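Asker: Mind looking over this structure? Questions follow.
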């Protein structure tokens, strides 16, 4: 043993065991922040009566007929709002969604509904379509959301309301997900109990330069000031880049008191993995610090590590906070009815989420619909 003090090896081993509990403590602290963020998050509210309702152009890029696409576009066309228009665009003349838009035009003859085919060479084909739709838009407010987004009555009033404040440059929304397969249900649970809490904590800590593609409402004048959609046509994360550029104008991004819904359909496990990998690699190249910091959110993994080190009280406390935070965010804030029914899946979702997060550390290609894209370190598409 030489000059090493008696018990030195034992002391070093104890120190290593203590370190095994630290990630679980950090995860527990994170979910304390989730609970605080949930407590401070505004509740969905009815639209203000008498509030100004400026005309809105809704821009909806399409790529095929998404699950519940027809229900989604009818929900938009049925909004009780003084003046708005619906502009649809696809880069494919044979897009089956165009037929649904034609039926919608007949169903709502008094509403301006246009559909255009936009051949585009933009690296981000969705943004290439948006460039043309923005040129067709007649109104001072623009609303962009994904083609499968389901909205509730009062949606337009709720999401345009924040822009009555001249210091707010963009309104966006949290979202929940519907699912029709076990793989999709697992992804939907992650959106409700993992992704939404991370968004709320980011806002709580003052990280406010991002928007979500579920809804983005902004002024046409501000879009022109940032160089139009063409300025973000090379980026994979068009929603993040748009929000960032609006903030760089000295304006704020605000979350509207409305939760919308997307439909993940009946995807299999392979499609779910590819979808999640695209999402995480997009985050990694857009906000690297946020991506690497995300490791602390995997509470189940770190609780198991702490349990293996003998710190069962830390493991149980962390898991209790994780379950409480996820359920409050998913069932309470997002009003996702499946969260309570599937809450026992949360530990399994956490372990799967860590595996996907680890996979996202490597590689620079993503699968987006029927395209395989290569990304640069700054988030641009090669």
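The values are calculated or read from the model by the stated rules, or taken from the named source; none is laboratory data. Model, not experiment: these values are computed from the prediction. Here the Cβ positions follow ideal geometry from the backbone for every residue, glycine too, while neighbour counts run over all protein chains shown.
To keep it simple, each residue is scored yes or no on (1) over 23 Å from residue 331 (Cα atoms); (2) in a strand (DSSP E or B); (3) touching a strand residue (DSSP E or B) at 6+ places or on another chain (Cβ under 7 Å).
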{"residue": "207", "(1), (2), (3)": "yes, no, no"}
{"residue": "211", "(1), (2), (3)": "no, no, yes"}
{"residue": "214", "(1), (2), (3)": "no, no, yes"}
{"residue": "242", "(1), (2), (3)": "yes, no, yes"}
{"residue": "245", "(1), (2), (3)": "yes, no, no"}
{"residue": "258", "(1), (2), (3)": "no, yes, yes"}
{"residue": "265", "(1), (2), (3)": "no, no, no"}
{"residue": "271", "(1), (2), (3)": "yes, no, no"}
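Asker: Taking the stated definitions as given, is residue 274 surrounded by fewer than 21 Cβ atoms within 10 Å (Cβ to Cβ), touching a helix residue (DSSP H, G or I) at 6+ places or on another chain (Cβ under 9 Å) and either modelled with pLDDT of 85 or more or farther than 23 Å from residue 69 by Cα (or both)? Please lay out each step first, then the result.
Answerer: Working: surrounded by fewer than 21 Cβ atoms within 10 Å (Cβ to Cβ): yes; touching a helix residue (DSSP H, G or I) at 6+ places or on another chain (Cβ under 9 Å): no; either modelled with pLDDT of 85 or more or farther than 23 Å from residue 69 by Cα (or both): yes.
No; evaluated as a whole, the condition is false for this residue.
Asker: Turning to a different aspect of this structure: Six or more apart or on different chains, Cβ under 8 Å: which pairs go from a residue in segment 196-210 that's within 15 Å of residue 172 (Cβ to Cβ) to one that's in a loop (DSSP other than H, G, I, E, B)? Could you list them?
Answerer: Matching pairs, first to second residue: 196/334; 199/212; 200/41; 202/208; 202/210; 210/287.
Asker: Quick check on this structure: which one of 339, 305 is in contact (Cβ under 8 Å) with a residue 24 or more places away in the chain, in a helix (DSSP H, G or I) and surrounded by fewer than 21 Cβ atoms within 10 Å (Cβ to Cβ)?
Answerer: Step by step, each of 339, 305 is checked, and only 305 is in contact (Cβ under 8 Å) with a residue 24 or more places away in the chain, in a helix (DSSP H, G or I) and surrounded by fewer than 21 Cβ atoms within 10 Å (Cβ to Cβ).
Asker: Can residue 359 be described as under 22 Å from residue 270 (Cα atoms), in a helix (DSSP H, G or I) and modelled with pLDDT under 90? Let's see the steps before the verdict.
Answerer: Details: under 22 Å from residue 270 (Cα atoms): yes; in a helix (DSSP H, G or I): yes; modelled with pLDDT under 90: yes.
Considered against the rule, which asks whether it is under 22 Å from residue 270 (Cα atoms), in a helix (DSSP H, G or I) and modelled with pLDDT under 90, residue 359 comes out as yes.
Asker: Being surrounded by 23 or more Cβ atoms within 10 Å (Cβ to Cβ) and either at pLDDT below 95 or under 30 Å from residue 353 (Cβ atoms) (or both) is true for just one of 184, 180. Which residue is that? Explain how you work it out, then say what you get.
Answerer: Working: 180 fails: surrounded by 23 or more Cβ atoms within 10 Å (Cβ to Cβ).
Just a single option satisfies the conditions, and that option is 184.
Asker: Go through (1) touching a helix residue (DSSP H, G or I) at 6+ places or on another chain (Cβ under 8 Å); (2) modelled with pLDDT of 90 or more one by one and return the number of the condition residue 52 breaks.
Answerer: (2)
Asker: If you go through segment 213-235 one residue at a time, do you hit one that is surrounded by 24 or more Cβ atoms within 10 Å (Cβ to Cβ) and modelled with pLDDT under 90?
Answerer: yes
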